[in-house]
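A short reminder: the numbers here are calculations on the coordinates, not readings from a lab. Just so it is clear, the model here is predicted, and its values are computed rather than measured. Quick reminder, even Gly has a Cβ in these numbers, built from the backbone with ideal geometry, and neighbours come from all protein chains shown.
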């Protein structure tokens, strides 16, 4: 039952086929036995059980708060959770207990969701592998799947398993792994350059990046304020729509959320795609795109074409400049956002007592890893008076051009863009760490990051298994605030491809046969 | 002293009078226990975001309109970065690129001489007004090698008013600041009390010989009162002139005013040029203001600020109030200046005028000379006056009805200051200060004085009328001050002419 979708398990709760406390206990047990994945930084066992008990009371009275009541979820550790440690996988915030809940966390709790714990990430969400946090790297559950092991060949011994495990992608790797390994039914991530979609693709789950301004960022510890969004990771597109419905809407505490009322929607099954126009941006045939990926992308385009949709090649000419542009704007904002970490009010404080300045310097050196420090230095460089026009302002102008590329394409009649999410399937950890964080980020963000520049909604849908037996996803990018259309198309696609269920030993052990399901239980 | 041109500009930070801070809901209050008014956002807890306080924007618009500025319908917020213990976020949110108001002017008056008998009006250009956050306070405890940080003030809304270097000396700067203070207090946009840190002034000073290039300017900080402002500026001007005359140069530096020594000294803190790495504040959209013309039809009025609406509701500014006082009561401009310069004095004056038949032109003398000097002597505010407007009006009525002489009135007033609760009439009766009403008795006394002072009489008749005053004085003495000097003069003159 842990492998069921959110909707299915919610129905089971409502019908009394399973109790919230039992569900919670199972998830907690599974988290324990999949500890080697290192997906969770903090497991909030006591509070989760308490929430589950309260949910159970409500179900008994026949007064559940809604579809999320009693549903175990996980939250990336860069969201503030009152009373539960929030670390951002950094020494700077080790032991930091926030006094308030992020708006999205509060919304989930208000609807009765059970918060299992905080998931692992790259330090301060900087990275594309979830390998650079102080609590160690996250392991992709698919590393331990029957599908991957089979493809690794008969020579795979336990030692090989140790060295062959693949990364989750990042920076929301912990959340993706948590959902993929069935320890929770949905997880919150964050997405600044692809940090929700990238790990979603590598872990075979759905990763939704909503339009900027739709979901509140209050309580999300920022990386780039003008690009960050809370991300949603689920087993299927329908579940993502459910989460979106509970999270979206204006928040007076976040002045960048739009004022308009948000109407939660149900996804209907798209019967006829003939009115749809799918755009294939040619620049997304990026350097480093594996031939396997290219073939899959092509196959997907054909899928739409054969179903009657209009599939056209389009151009987003400024795509090649987006990485450099992102680098300037991201590091500039990082330098600014990290200025508050001085050890005075909260977080790590160095023992250095010579002067305020030396205290600051030592605290920041001790608290931040190389990646964070590198970005701060770059960012400060770009913000210097003599460099501001050359770099920051120029980058803002290029950003405008990138955003306009999308506007032009959507105006020309294209409804949705179809692209790969990543260049290839997940790399083995030992291979991934051969290059530094900056190099990897520059490589891996290329397909996802323009959507953040333009503030557009985008979703990664698990599509197929690679030759190595690992998940690969394709990305749909939609018009601003047109999540309904985006998700409707994504749902149709998901149904067509019938992505296989991960076969994990641990899950089989923990999932009793109380709840029978078909092989493709994730999709209705 | 060689002739130099002096340029004085001012950067004034006025704390906005509001219930809560500029970007967060924590309270604004003076002298609260340390760190008791600090929200999560003020403490820069990660993940918190700024939310703009409407009242602060309105205060800035009001102030901009009162200073004849153009209000920018679109203004922007920026981050100004520097590290300091009292700046939790490592940056201040301010308006560097496009502030809320620009290109205004402030008119102020100066007395030409010390007798306050002639005033001249000057104008200083207002470069801009910007909204920004105040910082917290840090106290350096050198004995224990520690710094104590209080964040109560962190995030309080400020209006920075920048005045161009149109002023020439301390006196002008002081007068301009005083007028700004009155305007802010009238608007209610800031309480502007310097002693409570609600108004902070930094001065920019430079000098040069006419015809030569403009001089290097220095910034003078740490000025805690208007009086010290004038002193600091005049000292700095003098210092620069002397330095240049001795062949030295002026450094573009920041200097602190030492009020004990009465001089400016270089500040240790600012070493080298600071690069503030300005960056747009990404969490705040541009601030859009509307006027009657641009206001969209279905806009929720709670979400917008209408500049015209605010303009219509501006109270009378001090300059307008002064004019009205002069027109309504026939007093001199200098008088109305002083009336408005003391909190509550104008209201006191008007209240007395209402309650007495004495002409305002006469009342003003009693207010400005007798009442005000007494209050000053005892460091009292008008509010704290032991003599209320009712009581003073009562006294003035006795004088007006000629029941007492003006000398007697002053005596009664002296008694009233004791604040023992006696009415003027009671004091008059107690001290037997009533004017003699019996004309015959008065005539007899006059005659007696004339008879007793033949020399003086001869002097008067010889053509020296001033000696009459002596006789009047003698009559006053005989009547123990209870005679009307005007009447006495008339009687004496009548008798002497016959």
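When the Kirkwood radius is taken over all Cα pairs of region A:1-115, what Stokes-Einstein diffusion coefficient follows at 37 °C and 0.692 mPa s, in µm²/s? The diffusion coefficient I find is 223 µm²/s. Once you have a ≥ b ≥ c as the square roots of the Cα gyration tensor eigenvalues for region B:318-439, tell me rounded if a/c is under 1.5, and otherwise prolate or oblate according to whether a/b is larger than b/c. In terms of gyration-tensor shape, oblate.
Taking 37 °C and 0.692 mPa s as conditions, chain A diffuses translationally at an estimated 143 µm²/s according to Stokes-Einstein applied to its Kirkwood radius (Cα pairs). Using only the Cα atoms of region B:157-280, each taken as one equal point scatterer with no solvent, compute I(q) by the Debye sum, divide by I(0), and report log10 of the ratio at q = 0.13, 0.14, 0.16, 0.17 Å⁻¹. Values returned for q = 0.13, 0.14, 0.16, 0.17 Å⁻¹ are -0.59, -0.68, -0.87, -0.96. With the cut-off at 1.5 for a/c, could you classify region B:126-177 from its C-alpha gyration tensor as rounded, prolate or oblate? Judged from the Cα gyration tensor, region B:126-177 comes out oblate (a/c at least 1.5, b/c at or above a/b).
Averaging sequence separations of C-alpha pairs under 8 Å and six or more residues apart, then dividing by the length of region B:136-262, give the relative contact order as a whole percent. Walk me through the numbers before you get to the answer.
On the way: 151 pairs, mean separation 25.3, N = 127.
Dividing the mean separation by the residue count of region B:136-262 yields 20 percent.
Would you mind telling me the antiparallel percentage of the DSSP bridges in chain A, rounded to 5?
So the antiparallel bridges in chain A amount to around 65 percent.
For the residues of B:36-47, the average number of beta carbons from a partner chain within 10 Å of their own beta carbon is 6. Which of rounded, prolate, oblate describes region A:368-509, given a ≥ b ≥ c as roots of the alpha-carbon gyration tensor eigenvalues and a/c under 1.5 marking rounded, otherwise prolate only if a/b is larger than b/c? Oblate, since a/c reaches 1.5 and b/c is not below a/b.
How many angstrom lie between the C-alpha centres of region B:441-466 and region B:127-155? Cα centroid of region B:441-466 versus Cα centroid of region B:127-155: 76 Å apart.
With contacts taken as Cα pairs under 8 Å at a separation of at least 6 residues, region B:1-142 carries a relative contact order of 19 percent. Counting each DSSP H run of 4 or more residues in chain A as -39500 (n - 2.57), what helix-only mean residue ellipticity at 222 nm follows after dividing by all residues, to the nearest 500 deg cm²/dmol? Rounded to the nearest 500, it is -11500 deg cm²/dmol. Relative contact order of chain A: 18 percent, from C-alpha pairs under 8 Å at least 6 residues apart in sequence. Put simply, the Cα atoms of region A:84-128 extend 31, 24, 17 Å along their principal axes, the longest span coming first. The modelled label-to-label distance between residue A:431 and residue A:404, using points 7 Å beyond Cα along the C-beta direction, is 4.0 nm.
Taking the Cβ-Cβ separation of residue B:407 and residue B:27 as r and a Förster radius of 35 Å, what is the calculated FRET efficiency to the nearest 0.05? Taking R0 as 35 Å, the efficiency between residue B:407 and residue B:27 is 0.05. In the frame of its principal axes, region B:168-213 has Cα extents of 44, 18, 15 Å, reported largest first. Taking every Cα-Cα distance in region B:429-498 and sorting them into 5 Å bins from zero, the calculated P(r) comes out as 3, 17, 32, 24, 13, 7, 3, 1, 0 percent.
Can you give me the Cα centroid spacing of region A:187-208 and region B:250-316 in angstrom? Rounded to whole Å, the Cα centres lie 41 Å apart.
Over the protein assembly as shown, the ratio between the Cα radius of gyration and 2.2 N^0.38 Å evaluates to 1.29. Highest-first packing order for the peptide set A:357-363, B:295-301 is A:357-363, B:295-301, based on the mean count of other beta carbon atoms within 10 Å.
Simple spin-label estimate for residue A:295 and residue B:293 gives 6.7 nm between the two label positions (7 Å along the Cα-to-Cβ direction from each Cα). Taking every residue in B:278-286 and counting other chain Cβ atoms within 10 Å of its Cβ, the average works out to 6. By the Kirkwood approach, averaging reciprocal distances over each pair of separate Cα atoms, region A:304-405 gets a hydrodynamic radius of 16.4 Å. Legend: ranking of residues A:128, A:33 from fewest to most surrounding C-beta atoms inside 10 Å; resulting order A:33, A:128.
Hey, how many Å between the Cα centroid of region B:384-432 and the Cα centroid of region B:213-230? Region B:384-432 and region B:213-230 have Cα centres spaced 47 Å from each other. Ordering A:402-415, B:136-149 by mean Cβ neighbour count within 10 Å, with the highest value first, yields A:402-415, B:136-149. If R0 equals 60 Å, the separation of the Cβ atoms of residue B:82 and residue A:32 corresponds to a calculated FRET efficiency of about 0.80.
Divide the volume of the convex hull around the Cα atoms of region B:379-498 by the residue count and you get 120 Å³ per residue.
Taking one quarter of the surface of the convex hull spanned by the alpha-carbon atoms of chain B gives a direction-averaged projected area of 34.6 nm². A simple packing score, the average count of other Cβ atoms within 10 Å per residue, orders the peptides A:438-451, B:478-491, B:35-48 as A:438-451, B:35-48, B:478-491, with the highest score first. Pairs of C-alpha atoms in region A:84-215 farther apart than 17 Å represent 62 percent of all such pairs.
DSSP beta bridges confined to region A:14-152 are antiparallel in about 45 percent of cases.
Taking every residue in A:254-263, how many Cβ atoms of other protein chains lie within 10 Å of its Cβ, on average?
2
Note on region A:247-303: Cα Rg divided by 2.2 N^0.38 Å, N the number of residues, gives 1.81. One quarter of the convex hull surface built on the alpha carbon atoms of region B:126-224 amounts to 8.8 nm², the projected area averaged over directions.
Converting the Cα gyration tensor eigenvalues of region B:37-154 into ellipsoid dimensions via √(5λ) gives semi-axes, longest first, of 35, 23, 12 Å.
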